[in-house]
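Novice: Starting off with a structure, shown below.
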Amino acid sequence: DWVAWRASRLSAMITDPDDPNIYIFLRFSFLSWLLAFSSSVLCVMWVPAAKGSGIPEVKAYLNGVRVKRFSSLSLFVVKIVGTILSVVSSLAVGKEGPLIHIEAIVGASC
């Protein structure tokens, strides 16, 4: 039975200090937290314009509105690195919005 196996496995991980699976889980959790934290630090501290999906900025740019810092190199790099770090850290992130913004930055630069 799957539920009984899962419950017994979880209780064994919690109660047995010599079980290597708890260390694997803790390493995975810490690595995911570290990647998510580094992605958020990039977006909050370095380039605040990289927050969000970027689709509203692309719509405004296509409608002729002058969007500040729409196509800067730092925004481009932070969008790419932040999206990669967020997806790798197992966050529930939609990668389509940032990719549209990255493509629009490339298109506006040409």
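Novice: So is VAL87 under 13 Å from the mean Cα position of the chain (by Cα) and open to solvent by 50 Å² or more (accessible area, probe 1.4 Å) or not?
Specialist: yes
Novice: Continuing with the same structure: Does segment 68-82 hold any residues that are farther than 15 Å from VAL44 by Cβ and buried (at least 17 other Cβ atoms within 10 Å of the Cβ), and which are they?
Specialist: PHE70, PHE76
Novice: Given the residues ALA36, ALA12, which is the only one that is modelled with pLDDT of 80 or more and among the small types (Gly, Ala, Ser)?
Specialist: ALA36
Novice: Give segment 34-60 a look and list any residue that's open to solvent by 80 Å² or more (accessible area, probe 1.4 Å) and not aliphatic (A, V, I, L, M), or say none.
Specialist: Listed by number, the residues that qualify are PHE37, TRP46, LYS51, PRO56, LYS59.
The values are calculated or read from the model by the stated rules, or taken from the named source; none is laboratory data. This one's a predicted model, so the numbers in the text were calculated from it and none came from an experiment. Heads up, the Cβs are rebuilt from the backbone with ideal geometry, glycines too, and the neighbour counts pull from every protein chain shown. The area values use the complete protein model at the heavy-atom level, side chains included, leaving out ligands, DNA and RNA. Shrake-Rupley method; radii C 1.70, N 1.55, O 1.52, S 1.80 Å.
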